[in-house]
């Protein structure tokens, strides 16, 4: 992994795993990696129809045997173990993990319940840890690898309307830095910090407008902005422990 002269590092015959890969940003990550030549496994939980559609689409576009979808609740250790066993059986290794599975629910302090608090921590933080642990162990054994976590601006600045989500994503930021330290020098770990690239489901026009107005660039991004940032984490072999904003400058406002 060391000694790259810059530019794109090959993903041909490399194996990536994307959690939450059937929909939204996760789906964009899966397709972006396939376009770069990787073999890609992805997990999904409740999006079985979207997962089948993605597998069919990927097979038509990129050929048979390049993609594997596995049902997995990332909060359950047996599910995570089964997903990695399926990956081992099909591809035999893992070079890149993209921790994309997450939930996003409005939880003000007045409204929040312990169940909502725990659900966000379980999916967004513990799920990322479980998958990073399984991937990191394999990467250390094979001598290299890259982990990319998907954080959020809500993990860098407090969002009082999303108490549990904001705290869970702050945990992802620290998890990234701890893992980068613990797994160096063999394994690099970074986080991308998306802004308004794909608006949350259920956002109205006023919410979309306010989200865009908080950016310096005054416009909405696209999933491809996140894909490019994720691929930068793979390509840049002298970058680890970094938080890479993809938010139109929202993190400085």
Would you be able to tell me the number of residues in segment 150-192 that are closer than 19 Å to residue 231 by Cα and either without any contact (Cβ under 8 Å) to a residue 40 or more places away in the chain or part of a loop (DSSP other than H, G, I, E, B) (or both)? 3
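If the requirement is being surrounded by 13 or more Cβ atoms within 10 Å (Cβ to Cβ), under 22 Å from residue 127 (Cα atoms), in contact with a helix residue (DSSP H, G or I) (Cβ under 6 Å, 6 or more places away or on another chain) and modelled with pLDDT of 95 or more, which of these qualifies: 45, 73?
Numbers: 45 fails: in contact with a helix residue (DSSP H, G or I) (Cβ under 6 Å, 6 or more places away or on another chain).
The match here is 73.
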Would you mind finding the one in 22, 38, 51, 58 that is in contact (Cβ under 8 Å) with a residue 24 or more places away in the chain, closer than 20 Å to residue 189 by Cα and touching a strand residue (DSSP E or B) at 6+ places or on another chain (Cβ under 9 Å)? 38
Would you confirm whether any residue within segment 196-212 is closer than 19 Å to residue 231 by Cα and either in contact with a strand residue (DSSP E or B) (Cβ under 8 Å, 6 or more places away or on another chain) or without any contact (Cβ under 8 Å) to a residue 12 or more places away in the chain (or both)? yes
Report, by residue number, each residue of segment 215-253 that is in a loop (DSSP other than H, G, I, E, B), crowded, with 18+ Cβ neighbours inside 10 Å and at pLDDT below 95. 215, 221, 247, 248
Residues that are without any contact (Cβ under 8 Å) to a residue 60 or more places away in the chain and either within 20 Å of residue 226 (Cβ to Cβ) or touching a strand residue (DSSP E or B) at 6+ places or on another chain (Cβ under 8 Å) (or both), drawn from segment 129-144: 132, 136, 138, 139, 140
Determine which member of the set 147, 94, 103 is at pLDDT below 95, within 16 Å of the chain's Cα centre (by Cα) and not in a helix (DSSP H, G or I). 103
Is it the case that some residue within segment 95-117 is more than 22 Å from residue 168 (Cα to Cα) and touching a strand residue (DSSP E or B) at 6+ places or on another chain (Cβ under 7 Å)? yes
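Given the condition over 30 Å from residue 196 (Cα atoms) and buried (at least 22 other Cβ atoms within 10 Å of the Cβ), answer yes or no: does some residue in segment 99-111 qualify? Before you say what the answer is, go through the steps one by one.
Start the filter on segment 99-111 by keeping residues that are over 30 Å from residue 196 (Cα atoms), which leaves none.
No, there is no match, as no residue in segment 99-111 is over 30 Å from residue 196 (Cα atoms) and buried (at least 22 other Cβ atoms within 10 Å of the Cβ).
Would you say residue 79 is modelled with pLDDT of 95 or more and either in contact with a helix residue (DSSP H, G or I) (Cβ under 6 Å, 6 or more places away or on another chain) or surrounded by fewer than 15 Cβ atoms within 10 Å (Cβ to Cβ) (or both)?
Values: modelled with pLDDT of 95 or more: yes; either in contact with a helix residue (DSSP H, G or I) (Cβ under 6 Å, 6 or more places away or on another chain) or surrounded by fewer than 15 Cβ atoms within 10 Å (Cβ to Cβ) (or both): no.
The answer is no for residue 79.
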Of all residues making up segment 33-52, the number that are more than 13 Å from the chain's Cα centre (by Cα) and part of a helix (DSSP H, G or I): 7
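The values are calculated or read from the model by the stated rules, or taken from the named source; none is laboratory data. In this text, all values refer to a predicted model and were calculated from it rather than measured experimentally. In this analysis, Cβ positions are derived from the backbone assuming ideal geometry, glycine residues included, and neighbour counts consider all displayed protein chains.
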